[in-house]
Each structure stands twice: as C-alpha cells, then as structure tokens.
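Peer 1: Quick one: structure below, then a few questions.
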Amino acid sequence: MRIAVGGFQHETNTFAPVKAALADFEAPDAWPGLVQGGEVPEAVKGINVPVAGFIEEARGRGHEIAPLVWCSATPSAHVTRDAFETVSAMMLDRLRAAGNVDAVYLDLHGAMVCEHLDDGEGELLARVRAVVGKDIPVVASLDFHANVTGRMVREASLLVPYRTYPHIDMAETGARSMDLLARLDGEPARALRPLPYLIPLHWQSTLSEPMAGLVAAAGDLAKEHGLLCVSFVGGFAMADFPGSGPAVLAYGYDEKSVERAADALFRQALAAEAKFAGTLYAPHEAVRAAMAMEGPVVIADTQDNPGAGGTSDTVGMLRALIEAGAEGAVLANLCDPEVAGLAHQAGEGAEIEADLGARMGAADEKPVHARFTVERLGDGRFLATGPFYAGSRMQLGPMALLRHEGVRVIVTSRKQQAADQAMFRHLGVEPREQKILVLKSSVHFRADFGPLAREILIAEAPGANTANPLLLPYRHLRPGIRISPMGPAFASAARNRA
C-alpha cells in the first residue's frame, strides 16, 4: 500500500489560562517541533510516539509512506483558530499533492478543542475524508484520554486508542494501527458508548483498579467476539464541551457481535464507577506525611501538571516544602525562563535573589521571593531514558538546580511534566537518593518513578488541572453526565452557577 501519514496532537484544557498558538506547535520540547514531508520519519524515529511506531511497522511490511505533517503542543487552553487552520491546511495540501493513496493514517490525540471548533479531530477527519473519498480507509490512533465523539467515529474507518496510562504503548499503538489497517476489508461496523460520568486524570492509571480491569476486559471481549478491536478510553474531564468523558469503542464485521461487546464493557464500566476514588492531600498535609515516611516519597503536584494544561509554575508545593523545612526534597519541573536565565548569568555556586514562579498560573498566587544558591546548570538538551518519554530528545531550554534552606527546585525554560528521571540527572541529581520528590505530573511519572517510590501521595496545590471536577464551572457538558464518579449530574450552565 501507499499510505499517507500525518499527525496533529493537542490535549485541550478549556479552563487553562494560556492558549496553544501556532508557535507552540512549531517549537520542539520533549518531542519535535512541526515537521513536514520527508522530514517527518527521521524527526520521530526511535521516539515513543504513535507515528514512529506506525512508520516503522509499515515500512517493515513493505508499504510506501507519503508523509504529510506532524506536530504537537504541550496541553493548554484552546488551540487558536490560526493554529488549527494553518496546520490543517498544510496537511490537506500535502494530502492532495500526494495523489493516489491506498490509505491514510493520522496520529491524533482526541481531546482537541479550538477557539472556533469544539471537536478539532472530528473536523480534521471530516476534511481528510472529503479529500480522499469514502472508499479509502482512514485510520487514526488516539490518546487514552481522548474525548471520542460520534463525528470522529463516523469519519474515521477505525480509531485505535492507547491501552496504558502512563502511556508506555504510544509507539506500540502506532504499530497496532498498521496491523489493524492491513486487516480492514471495507468499512467495519462500529459502536460508541459514552459513559455517564467523568473521571479525573489521577484516578485513570491502568496500573491499578478499576482501570486495569476495564482495559483487560476490552482485549478479552475483542477475542471472545472475533472483533478487530474493543477499547476503553478514560476521557479528558478538563475539556468543557458536550463530547467530554470516557467511552467504549468496538469495531468488527459482525454488527451484532460489535454491539454485544460494547454493551458488555459499558455495563462493566458502570459497575466500576464507585471505585474511581482515593485520597487527595493539601500541600502541607502531603509534605508532613512525606517527612514522616521512609524515602523516596513521591508527591504528585497533579493540579499543576503541564501534561494536562497546567502552567508548571505554581508554587503551592514549593512554599509548603520551604515552610516545613523539608530537607532532602526536590521539586520538578518549575517553568520560569526568567529565573533560569538569571541563574545562568550568575553561574554555578553563585547566590541569586529572585521571585520564582507564579507568572502564568493561579491568579491569587505570589512568587516565592528568596535567595537561592545556583547548584547546577544545564542547557536542557538530553535524551529521555524512562518508559514514557523513551527516545525523546528533550529541548527544555536553559535549566537550573536551585537550593533554598535544604529544599531544591529544578527550573526549566519550557514547561514539561516531570515524568523522566533524566530530567534530574541532567542537573546531577540522583532521584533514588532523595527523601521527597515533588513532581508536576498526574500519572505519567509512575512509569519511571513508581518503581523507586516507597510511597506516592497526590496533592491538591494550585493549578489549572483541577483535581476535583465538582469545583469546575462547567457550562457545556451534555446534560445528565455526572461531574465526577458517583457525583452530581450536570444539568445546565444556569443551574451549575446557582
């Protein structure tokens, strides 16, 4: 086959303070910046992203690749109209120029909301379908946190979500998408079952129940009914639009079997609702608890997770560490390019007085004003070593390890969630030797830090990734969906404000 290949990834937190502009897709961070045409395969080669896995698998099977455009931006608020329309036009222009293709593969996220469009992926898939026609297979891989809409299901021949969170199977999902594409024989029957409740990110890990059981059941049902695939996606609750939420997907060539499998997984997900729960700590509670435990203890600063739209610069956890005198604590990553630049000007071993953090995040926060010792400097360029960011060639800009009264903080110039131990080692810090590791991440950190952590605590410090959905001013959810597991149902914007 000759297969057109592209990708356009963004996870949109509609409550976040900063939108995703075209420049955010063009700039490299953990992954490459925007690349086109023949640049795509080499730019993503060896990285744990779906498009890399797809290309490797396709070429291994002897297929020809017609690369289009690939880009991603760190999760944030809405994708601007300019960014969406510019990238979409690039992709469609290259698709038209590619001429006859036998199939199209797209590496998408599935939770993109734009300034002018609620369903970014549904619109992009419709535009691609309009170019290639109804007879050409269009397959897309999706993030585990996709908000799958009916339009996405109608326009694509097949949607293939990740099976893991932390997402250690991204490249594997791309390869699996190629395998499923090769098995297509016309358009398959499909079923979509949206769940009637939202699940916060920090309870979606597939390393624990009930999510582990739901993902395993999806695979079992596909085998039992002889289907192409059955999937469970956790959804992204920080996107306020009618399609937000978890869902069940099923594909196959026997419509009754597809419907039965989807219904069975849907019933299991309904029964699991009450199990999506756990303990959330206030910042000072988390620090006190961690100080009383044997280390390393990981505290997830989940609400400032830049992987879910956080700004990665709130200081609630940093302030709690300093006030508690938490010796042996390291916080990562706090994004403050101004302070990182000041540290580089001063040099290693110098002391600087600075207002650190709180530049973009919580409106009622103030920076931490203090004198810091510059312990170590780095250029922010290093190879990720953990299972999630595997193969990523990090470009986080000037970085600095700062210390204040026994508490250390890793400062970056670009926001990236702390989900890889290489971020610490780049600045000479061995994570295993620390008492407390505060990570601006929700779940992805578990892939690399989970094995060394004696305890993991989830903290509710300031940030745009609100841990309790009941606190969010939703206005556009579909009526009746429960705002959290076993929580109240969304009725309307007017009632929600009351």
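Read-outs throughout are calculated quantities, based only on the coordinates presented, and are distinct from any laboratory measurement. Given the structure is predicted, the values throughout are model-derived calculations rather than measurements. Ideal geometry is used to build each Cβ from the backbone, glycine not excepted, and the neighbour counts take in all protein chains shown.
Peer 1: If you take every residue apart from R267 with its C-beta less than 15 Å away from the C-beta of R267, what net charge results, scoring Lys and Arg +1 and Asp and Glu -1?
Peer 2: On the way: positive: R193, R260, K275; negative: D220, E224, E259, D263, E273.
Around R267, the charge tally is -2.
Peer 1: Still on this structure: By the gyration tensor of its Cα atoms, with a ≥ b ≥ c the square roots of the eigenvalues, what is the shape of region 2-275: rounded for a/c under 1.5, prolate for a/b over b/c, or oblate? Don't jump to the answer; show the numbers that get you there.
Peer 2: Details: a/c = 1.61, a/b = 1.19, b/c = 1.35.
Oblate shape, in that a/c is at least 1.5 and b/c is the bigger or equal ratio.
Peer 1: Could you tally the net charge around V44, taking each other residue with its Cβ under 12 Å from the Cβ of V44, Lys/Arg +1 and Asp/Glu -1? Don't skip to the answer; put the middle values down first.
Peer 2: On the way: positive: K45, R393; negative: E39, E42, E56, D107.
Once all neighbours under 12 Å are counted, the net charge is -2.
Peer 1: Now for a separate question. Can you compute the label reach from E327? Point 7 Å from Cα along the Cβ direction, backbone N cut-off under 16 Å, restricted to region 406-440.
Peer 2: Within reach of a label on E327, which here means backbone N under 16 Å from a point 7 Å along Cα→Cβ, region 406-440 contributes 406-408, 434-436.
Peer 1: Still on this structure, I have one more. Going down the list K366/K415; K19/K134; K19/K415; K19/K366, which pairs span over 24 Å between their C-alpha atoms?
Peer 2: Details: K366/K415 19 Å; K19/K134 34 Å; K19/K415 14 Å; K19/K366 22 Å.
With Cα atoms farther than 24 Å apart: K19/K134.
Peer 1: Evaluated at 10 °C with a viscosity of 1.306 mPa s, what Stokes-Einstein diffusion coefficient in µm²/s does region 11-78 have when Rh comes from the Kirkwood expression over alpha-carbon pairs?
Peer 2: Values: Rh = 13.1 Å.
Result for D is 121 µm²/s.
Peer 1: What whole-number distance in Å separates the alpha-carbon centres of region 117-159 and region 12-67?
Peer 2: 17 Å
Peer 1: Just add up the charged neighbours of S392: K/R +1, D/E -1, any other residue whose Cβ is under 14 Å from the Cβ of S392.
Peer 2: Numbers: positive: K45, R381, R393, R414; negative: D29, D420, D448.
Residues close to S392 contribute a combined charge of +1.
Peer 1: Taking Cα pairs under 8 Å and at least six residues apart, what relative contact order does region 2-275 come out at, in percent? Can you show the working numbers first?
Peer 2: Values: 611 pairs, mean separation 54.2, N = 274.
Here the relative contact order equals 20 percent.
Peer 1: Rounded to the nearest 20 debye, what is the charge dipole size of region 162-312 about its Cα centre when +1 sits on each Lys and Arg Cβ and -1 on each Asp and Glu Cβ? Working shown, then result.
Peer 2: Details: 11 positive and 18 negative charges, 36 e Å.
So the magnitude is around 180 debye.
Peer 1: Okay, next question. From the square roots a ≥ b ≥ c of the eigenvalues of the alpha-carbon gyration tensor of region 248-316, which class results: rounded (a/c under 1.5), prolate (a/b over b/c), or oblate?
Peer 2: Values: a/c = 4.02, a/b = 2.46, b/c = 1.63.
Cα axes put region 248-316 in the prolate bin.
Peer 1: Run the numbers on region 317-379 and let me know its relative contact order in percent, using alpha-carbon pairs under 8 Å that are six or more apart.
Peer 2: Details: 64 pairs, mean separation 19.0, N = 63.
30 percent.
Peer 1: In addition: Please report the relative contact order for region 283-459, taking Cα pairs under 8 Å with a sequence separation of at least 6, and give it as a percent rounded to a whole number. Don't skip to the end; give the middle numbers.
Peer 2: Numbers: 454 pairs, mean separation 61.9, N = 177.
Relative contact order for region 283-459 comes out at 35 percent.
Peer 1: Using DSSP to define loop residues, name the GluC sites (Glu not before Pro) in region 270-348 whose beta-carbon has at most 10 other beta-carbon atoms within 10 Å. Display every interim value, and only then the final one.
Peer 2: Working: sites: E273, E285, E294, E323, E327, E338, E348; in loops: E294, E327, E348.
Those satisfying the criteria are E294.
Peer 1: Using +1 at the Cβ of each Lys and Arg and -1 at the Cβ of each Asp and Glu in the chain, identify which of G219, P451, P367 lies farthest towards the dipole's positive end.
Peer 2: G219
Peer 1: Could you tell me what percent of the DSSP beta bridges with both partners in the chain are antiparallel, to the nearest 5?
Peer 2: About 40 percent, rounded to the nearest 5.
Peer 1: Also, quick follow-up: With a 10 Å Cβ neighbour count serving as the proxy for reagent exposure, in which order, fewest first, do C114, C71 appear? Write out the running numbers ahead of the final one.
Peer 2: Details: C114 23, C71 27.
Placing the least packed residue first, the sequence is C114, C71.
Peer 1: What's the longest bit of the chain with no exposed trypsin sites (Lys or Arg not before Pro), using DSSP loop states and at most 14 other Cβ atoms within 10 Å as the test? Write out the running numbers ahead of the final one.
Peer 2: Details: sites that count: K45, R61, K134, R454, R475.
The reported range is 135-453.
Peer 1: Once a ≥ b ≥ c are taken as the square roots of the eigenvalues of the Cα gyration tensor of the chain, is the result rounded (a/c under 1.5), prolate (a/b larger than b/c) or oblate (a/b not larger than b/c)? Spell out each step's value before the answer.
Peer 2: Details: a/c = 1.85, a/b = 1.45, b/c = 1.28.
In terms of gyration-tensor shape, prolate.
Peer 1: Less than 27 Å apart at the alpha-carbon level, and either on another chain or at least 8 residues along: which lysines does that give for K223?
Peer 2: Excluding near neighbours in sequence, the set is K256, K275.
Peer 1: Per-residue HN-Hα couplings for region 331-337, Karplus 6.51 cos²θ - 1.76 cosθ + 1.60 at θ = phi - 60°, whole Hz, x for Gly and Pro?
Peer 2: Karplus-based 3J(HN,Hα) across region 331-337 equals 10, 8, 9, 9, 8, 8, x Hz.
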